[in-house]
Every structure is written in C-alpha cells, then in structure tokens.
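Below is one structure, written out as structure tokens; comments come after it.
Just so it is clear, none of the values below were taken in a lab; they were calculated from the coordinates. On a predicted model such as this, the values are computed, not experimentally measured, just so you know. Here the Cβ positions follow ideal geometry from the backbone for every residue, glycine too, while neighbour counts run over all protein chains shown.
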Amino acid sequence: MKCGLLTVYALFTCCVFALDQAAAEEATSRVGKKVTNLALRDTSGQVISLESLKDKKAVVVVFLGTECPINNAYLFPLSRMYKEYAPRGVQFLGINSNQQDTFERVAAHAKENSIPFPVLKDDANKTADDFGAQRTPEAFLLDADRHIRYHGRIDDQFGIGYKRAAPTTHELVDALNALLAGKPIAKTTSPVAGCIIARAARSKQEGSVTFTRQVSRILQDRCQICHRPGEVGPMPLIT
C-alpha cells in the first residue's frame, strides 16, 4: 500500500510539474503582446476601457474570483499595493471571469473586502482568453503603450499548502518598480498558484453526439416513464 501511495504521489507531482511548465510557456508567449480590446463594466455599472486610462503610466490587471482562498488572501496586499502605486500613475484593475460569479456576487465580494480599485466583470471570459489568464489571482503588468511586460504571480507569500508571514520574493512589485524607473524587468514571468478560472462552455459547430441520435434515447429510456400525463413527473417530456 505504501509503495502504491508513493507511486501515486510521484505521478501527481510529475503532472503538477508538467502543468506548471506548460503554464510558464504560455506566460512567456504573452509577454510583449499589446492589449487593445479591454472594455468592461465595473461593480458600479460604469464601463472602464484602456482608452479611458490613457494617462496612466502603467496598468496592473489581476484576475480575481470570489471563493478561491489564495485569491482572497491576496486582496489586502493588493489593496495596500494600490494605495502605494496609484499616486505614481499606476492603475489597478481586478477582472472576474468566472462563469459562476454573477455581477451581483462580484459587487458584493468587492464591497465586503473593501477592494479600493475597480473590479470588472468579464462575461463569457473573453478578456481572460485574450490575456491568456488561467488562474486567480493572476497578474499582468501593462506599460504605457499597453504591452504586457510581466505576467505571473503577485509574490510567494501564499500558495497551495503554505502561508508565509511575509513574502520572500516580490515579482509584481519588482516589475512595477523597474517599469516606472525605465529599467529592464529582470523577471517577466512566474508560475501562478490559485484556482482555475471557470470558463463558459463553448458550443461545438460539429459533433458526433446529437439530440436526435443519443439524447432523445436517454429521455425515452430514463425520463418519459415518469414525465407523462398522470405520472409523478412535474412536466411532460413526451414531445
């Protein structure tokens, strides 16, 4: 049994490493990309676009959720970071792309946690797809021309299975300081620990499963015995 558990753990570790490597490669491919089509409603109903932020020296975009423990642990550090860098011409934006997080839920979460910067709702995760965002919290630093200059975690204070009293690395802050100082960013990507963004299901144009061939058969075999006039089913499924 012990050997079996060790084998499972080893396989799990390899899978996690492979996923982290894939995420790092994806992150590398996004650095340098120009973002142009960001225009979303914030929790007050106002539409915020990159065009409306053209006077900002930099924009920090962080993909957020309402439930992820790592995400929620970073809300206070992000608020503190915002208060430090907003006077220096940096705009912070939170974006919620989770399918299950309604606009009302996002607004309530932002109010409950006193998030001082705008939180935008990304319906159908189109903006997350454009950025290549996969997890919450995942940070992107845009320069004055709105090119992605850093993509990755905020720092190493919180992660899966650990919580430090203070971070030992400061990837996002280091990238911000270098950008504002006009210096090269030493580390442009880093792996992100957090919850996977729950994306909306995409309909396939073509597929082998159809309602007529497969789904209707299931209804006939499993549902229509009860869902018919005179039976216990609340609505008929005969037609």
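Segment ARG228..ALA108, full-extension length gain: 39.0 nm, with 0.36 nm per residue of separation and the alpha-carbon distance subtracted. Around the amide H of THR43, modelled in the peptide plane, lie the amide H atoms of VAL119, all under 5 Å away and 5 or more residues distant in sequence or on another chain.
Under 5 Å from the amide H of ALA58 lie the amide H atoms of GLN91, each residue being 5 or more positions distant or on a separate chain, with H modelled from the backbone and absent for Pro and chain starts. Please report the net charge: other residues with Cβ closer than 14 Å to the Cβ of ASN113, K and R +1, D and E -1. After counting each charged neighbour, the total is 0.
Restricting to the chain, what percent of DSSP beta bridges are antiparallel, rounded to 5?
Antiparallel: roughly 60 percent of the beta bridges in the chain.
Restricting the trypsin sites (Lys or Arg not before Pro) of the stretch 108-192 to loop positions (DSSP other than H, G, I, E, B) with no more than 15 neighbouring Cβ atoms within 10 Å leaves ARG164, LYS187. For the pair GLU51 and ILE196, label points projected 7 Å from Cα toward Cβ lie 3.6 nm apart.
Given Cα pairs under 8 Å that are at least 6 residues apart, what percent is the relative contact order of the chain?
Taking the mean separation of contacting Cα pairs over the length of the chain, I get 21 percent.
Pairs of Cα atoms in the stretch 2-196 fall into 10 Å distance bins, from 0 up to the last occupied one, in shares of 9, 36, 37, 13, 4, 1, 0 percent. In this structure the amide hydrogen of LEU64, modeled in the peptide plane, comes within under 5 Å of the amide hydrogens of ILE95, ASN96, SER97, none closer than 5 places in sequence on its chain. The residues neighbouring ILE70, those whose beta-carbon lies less than 11 Å from its own, together hold a net charge of +1 under the Lys/Arg +1, Asp/Glu -1 convention.
The local environment of ALA166, defined by Cβ-Cβ distances under 14 Å, has a net charge of +1 under the rule Lys, Arg +1 and Asp, Glu -1.
Helical runs (DSSP H, four residues minimum) scored at -39500 (n - 2.57) apiece and divided by the length of the chain put the mean residue ellipticity at 222 nm at -9000 deg cm²/dmol.
Once you've got the GNM for the chain with C-alpha springs shorter than 10 Å, pick whichever of PRO118, PRO87, PRO191 has the biggest mean-square fluctuation. Result for the chain, Cα springs under 10 Å: PRO87 fluctuates most.
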